[in-house]
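This report refers to the structure that appears directly beneath it.
The values are calculated or read from the model by the stated rules, or taken from the named source; none is laboratory data. Note that this is a predicted model, so its numbers are computed, not measured. Virtual Cβ from ideal backbone geometry, glycine too; neighbours counted across all protein chains shown.
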Amino acid sequence: MNVSRRDFLKLSGLALGGALLPPTPPEEAPRQVQSLGRAVRAISIYNRPSLNAASRFIMAADTVFNVYSTVLSNDDHYNRVWYETNGGYVYSGHAQPVRWELQTPVPKVPAEGFLGEVTVPFTRPVNSSTGKTGYRFYYGTTHWVTGAEADDNKVIWYRIFDELDKSIAWVRAEHIRRVPPDEVTPLSPGVAGKRIEINLEKQTFQCFEGSRKVLDVLCSTGVYLRTEKGKRIYGTPSGDWSITRKRASRHMAGDDLAAEDFYDLPGVPWVSYFHWWGVSIHGTYWHNDYGKPHSHGCINLPPETAKWVFRWSLPLPALDRKLVEGSGTQVIVT
């Protein structure tokens, strides 16, 4: 659905006064800010880096906060990383690492469009048909930009097409970075014997080139479902599979709106499918808690790690096609 210039300018009036901007990072002197975090839900601020510590107060979901240092807890826990912030400590699994990087907008988008990546903690798109803000596009998410338009205040907005519901939204262009082709060039394209090994019990994700291990990280797979004959069964299908399809961006959503575990996630980045159910390896922005099952079946990785896998594995990645298909890298799930 396209929106007329007149209607667009009417919609963009919502931006006056910064109504569609996420909050600016807090200024807290005199400590040196190391990085930024975004609370992925309402989370506790603890008086020391431990899940057994006292909670001082609750931080609201989508709060953007300063990180002054990264520390390790003494807890016997799969994830011991904590962030020091104003007033105490935040468990890293509940906070997305983010940046605040405004971009120079591209005033004219090529006919074929381009892949864009959000570079602020979050931005609020305006739906072209309703004139309202709905989804938030979060840091690291990817979206297909199909056009650009300037409003009466000479602010440039990008038109985003959503393949799932066929809707069009407008996003402030300074919040979106165009992903250049050299960031998606294949890694080790001529190397034979590539494979991926995923251990459901240990929540490990490893990549091999022959006998050489080239990546070894924690992931989050499908949640534990039940035990059959002494074996734990997870939502991720075990077996010997291979990557068959890739999408640099995908709006993922559940089928049953009334389901307790319904999900609706626009802009999931760097998706590599390996099972006919639609199970894939992809970047994640709704948690940072790798080492524990969290998903409905997919393999959750940090966006930059998922991007590496997207580039390294077969079929070869491409930015000039929204869907890449072919017989690809072996994926062994045990």
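Observations, loosely collected:
- Of the residues 289, 264, the single one that is surrounded by 12 or more Cβ atoms within 10 Å (Cβ to Cβ), closer than 28 Å to residue 318 by Cα and out of contact with any Asp or Glu (no Cβ under 6 Å at 6 or more places or on another chain) is 264.
- Summed over region 148-192, residues that are among the small types (Gly, Ala, Ser), surrounded by fewer than 18 Cβ atoms within 10 Å (Cβ to Cβ) and assigned to a strand (DSSP E or B) total 2.
- Check on residue 145, assigned to a loop (DSSP other than H, G, I, E, B) and either among the β-branched types (Val, Ile, Thr) or more than 17 Å from residue 265 (Cβ to Cβ) (or both): no
- Scanning region 20-56 for residues being modelled with pLDDT of 95 or more, of a type in the set (Val, Ile, Thr) and in a loop (DSSP other than H, G, I, E, B) gives a total of 1.
- Residues that are in a strand (DSSP E or B), among the β-branched types (Val, Ile, Thr) and within 24 Å of the chain's Cα centre (by Cα) were ranked within region 205-252; the one that is nearest to residue 267 (Cα to Cα) is 217.
- Any hit, region 225-243, residues being closer than 29 Å to residue 99 by Cβ and surrounded by fewer than 16 Cβ atoms within 10 Å (Cβ to Cβ): no
- Residue within region 244-253 that is surrounded by 14 or more Cβ atoms within 10 Å (Cβ to Cβ), among the polar types (S, T, N, Q) and assigned by TED's automatic domain parsing to the domain that holds residue 301 present: yes
- Residue, nearest to the chain's Cα centre (by Cα), within region 180-204, restricted to residues that are under 20 Å from residue 303 (Cβ atoms) and β-branched (Val, Ile, Thr): 184
- Tabulated pairs, region 214-234, first over 22 Å from residue 307 (Cβ atoms), second acidic (Asp, Glu), C-beta under 8 angstrom, 6+ apart or interchain: 232/201
- Qualifying residue in region 75-95 (condition: free of Cβ contacts under 8 Å to residues at least 40 places away in the same chain, part of a loop (DSSP other than H, G, I, E, B), in contact with a Lys or Arg (Cβ under 6 Å, 6 or more places away or on another chain) and not assigned by TED's automatic domain parsing to the domain that holds residue 147): no
- Taking region 34-79 as the range and being among the hydrophobic types (A, V, I, L, M, F, W, C), more than 23 Å from the chain's Cα centre (by Cα) and either surrounded by fewer than 16 Cβ atoms within 10 Å (Cβ to Cβ) or under 14 Å from residue 93 (Cβ atoms) (or both) as the test, the residues that pass are 51, 54, 57, 58, 71, 72.
- Residue within region 102-109 that is assigned to a strand (DSSP E or B), over 16 Å from the mean Cα position of the chain (by Cα) and not assigned by TED's automatic domain parsing to the domain that holds residue 316 present: no
- Within region 292-324, the residues that satisfy the criterion of being charged (D, E, K, R), at pLDDT 95 or above and either more than 24 Å from residue 80 (Cβ to Cβ) or assigned to a loop (DSSP other than H, G, I, E, B) (or both) are 292, 307, 311.
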